[in-house]
Amino acid sequence: MNTANARVRQEERLREVFENLLATVKDFVQHHEVTHDEYRRAVEFLCETARQGELTLLCDVFLEATVDAVESSGRMGTASSVEGPYYVPEAPVLRSPCVLPHRANEPGEPMLFHGTVRATDGTPLDGVMLDVWQADANGAYSHFDVAKEAAPYNLRARVFCDERGRFEIRTWVSAPYHIPKDGPTGGLLTALGRHPYRPAHIHVKLSHPQCLPLTTQLFYEGDPYLDSDVVGAVKAPLIVRLVKQEDPAEIRRQGLGSPFYALKYDFVLPHRTAKAA
């Protein structure tokens with residue numbers, strides 16, 4: 001498809017989606033008999049949300065999981081999940097096995113995140129890139145909440161698997177956290193009687209030239225917020241068990257002086273030509 005045709009298709013799509021959205025909102029206003037005062041308060045709320053830099057956060061909290069559900073419908077392979085507002089592009093590039101960038105004396109329990117990446121036909125995928133990011137043991141993300149003395153790209157990296165699709169990444173167990181509670185998004189959640197917490201998780205974006213990209217999250221079994229994630233992004237296939245490793249030989253192999261946790265997960269990516277299930 002040439003550039004002109006692509007632009008026409010985009011314009012047609014914009015008109016179709018926007019006009020339908022506008023009609024839906026107008027029906028909503030009429031159905032709920034929204035007053036002019038309520039309308040102005042809603043507009044001011046959105047303006048204040050933008051002024052405080054929370055517009056992305058607001059949309060991700062209330063809408064992104066639904067967008068993910070629509071886009072991933074019928075997709076084969078590993079389940080997807082939301083990206084969220086804390087992704088940062090251009091993280092350092094590493095090759096497996098590796099340790100994520102971190103601060104000296106990084107707090108928390110050491111964790112080995114390992115597994116394989118295969119295509120839906122079982123073929124190991126050589127050269128898959130895992131773009132990994134996570135909160136720290138205090139629930140803070142680098143570039144957003146971590147103190148200025150934090151390492152650049154703390155607990156973030158783009159990691160290439162080996163020729164057999166294997167990866168081995170040493171990091172630290174992340175903690176549950178709450179989205180900002182004092183801004184407009186937190187205030188709205190309070191007014192709705194909802195808590196602002198997310199279960200502990202680790203983010204992964206996977207890419208390979210022959211396969212469809214995948215954005216997902218892995219959640220830890222037993223987390224108290226699995227059933228009430230403020231974002232609604234938890235999916236059963238993405239809940240994993242952390243296994244404590246206490247074998248002295250394995251502890252030495254990892255260059256650690258104490259037991260650590262292991263998170264094993266095998267990802268499956270559909271080929272770009274794969275049909276939906």
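Remarks
- Within segment 100-117, tally of residues that are within 16 Å of GLN134 (Cβ to Cβ) and touching a Gly at 6+ places or on another chain (Cβ under 8 Å): 0
- Residue match in segment 54-62 (condition: among the charged types (D, E, K, R), touching a helix residue (DSSP H, G or I) at 6+ places or on another chain (Cβ under 6 Å) and part of a loop (DSSP other than H, G, I, E, B)): yes
- Among the residues of segment 248-262, those that are small (Gly, Ala, Ser) and more than 18 Å from SER96 (Cα to Cα) comprise ALA249, GLY257, SER258.
- Across segment 207-218, the number of residues qualifying as polar (S, T, N, Q), part of a strand (DSSP E or B) and over 20 Å from GLY139 (Cα atoms) comes to 2.
- Taken over segment 63-77, the residue count meeting the criterion of being assigned to a loop (DSSP other than H, G, I, E, B) and either crowded, with 20+ Cβ neighbours inside 10 Å or more than 16 Å from the chain's Cα centre (by Cα) (or both) is 5.
For (1) under 28 Å from LYS181 (Cβ atoms); (2) loosely packed, with under 12 Cβ neighbours inside 10 Å; (3) modelled with pLDDT of 95 or more; (4) touching a His at 6+ places or on another chain (Cβ under 6 Å), each residue gets a yes or a no:
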site	(1), (2), (3), (4)
LYS26	no, yes, yes, no
GLU33	no, yes, yes, no
VAL43	yes, yes, yes, no
ALA79	no, no, yes, no
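- Members of segment 242-277 found to be surrounded by fewer than 17 Cβ atoms within 10 Å (Cβ to Cβ), in contact with a Gly (Cβ under 8 Å, 6 or more places away or on another chain) and not small (Gly, Ala, Ser), listed by number: ILE251, LYS264, ASP266
- Check on GLU109, touching a residue at least 24 places away in the same chain (Cβ under 8 Å) and under 25 Å from GLN245 (Cα atoms): yes
- Filter result for GLY255 (part of a loop (DSSP other than H, G, I, E, B), among the small types (Gly, Ala, Ser) and within 15 Å of the chain's Cα centre (by Cα)): no
- Condition check for ALA236: under 21 Å from GLY74 (Cβ atoms), at pLDDT below 95 and exposed (fewer than 10 other Cβ atoms within 10 Å of the Cβ): no
The values are calculated or read from the model by the stated rules, or taken from the named source; none is laboratory data. Just so it is clear, the model here is predicted, and its values are computed rather than measured. Counting neighbours? That spans all protein chains shown, and the Cβs are built from the backbone with ideal geometry, glycine included.
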